[in-house]
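Here, each number is a calculation from the coordinates, and none is a lab measurement. Treat the numbers as computed from the prediction; the structure is a model and nothing was measured. Please note: Cβ atoms are built from the backbone with ideal geometry, for glycine as well, and neighbour counts cover all protein chains shown.
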Amino acid sequence: MKNLKRKILVPFTAICSIVVVLFVSSIAVADGKSKNEVSELATAFIEAVDGNDDAALIEMLHTDMIQYVRLDGNLIPFQAKDFIQMIADKKIGGVPREFTLEAVEIVRDKTAYADVNAVSHEYDFMYHISMAHNGRRWVIVGIIADIKKAS
């Protein structure tokens with residue numbers, strides 16, 4: 001009886017171990033893919049603003065997104081449609097910036113954020129970009145931007 005248990009238990013344990021390793025690996029791959037998607041969206045946002053690409057912003061910003069901009073001690077809210085219109089009208093954006101992804105995190109699988117520092121010759125922007133997965137893709141649902149004169 002002991003030999004029979006060993007003959008069954010050893011392969012069963014090995015199979016369970018393999019299944020657990022494959023499952024954990026698939027989660028890590030999925031998480032890595034999501035982080036890449038979040039990073040790509042944050043990068044695309046900066047590039048769309050710098051390139052005055054309102055069409056790209058329409059695709060990546062949730063229609064109810066609000067951006068809060070901290071500038072000279074004031075906190076100024078912009079709804080997605082107003083922000084997109086200012087980009088389209090070239091009232092803001094259009095200046096290439098050097099940027100660095102400071103942080104990218106997935107929070108509870110379907111929400112994420114990216115912190116991006118984007119610097120032009122004139123201004124230093126620090127963005128905290130909040131995102132949610134809508135079942136098909138990541139979209140930007142909120143932004144806090146802190147802007148100061150470049151040093």
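Some values worked out for this structure:
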read-out	value
Solution diffusion estimate, µm²/s, Stokes-Einstein, region 106-145, Kirkwood Rh from C-alpha pairs, 20 °C, viscosity 1.002 mPa s	194
Gain in span if fully extended, His62 to Asp109, counting 0.36 nm per residue against the direct Cα distance	15.1 nm
Backbone N within region 88-128 under 17 Å of label point (7 Å from Ser39 Cα along the Cβ vector)	99-107, 112-118
Over 30 Å (Cα to Cα) - which of Lys90/Lys149; Lys35/Lys91; Lys33/Lys90; Lys110/Lys148; Lys33/Lys149; Lys81/Lys148 fall in this group	Lys35/Lys91; Lys33/Lys90; Lys110/Lys148; Lys33/Lys149
Qualifying trypsin sites (Lys or Arg not before Pro) for region 69-117 [loop in DSSP, other Cβ within 10 Å: at most 16]	Lys90, Lys91, Arg108, Lys110
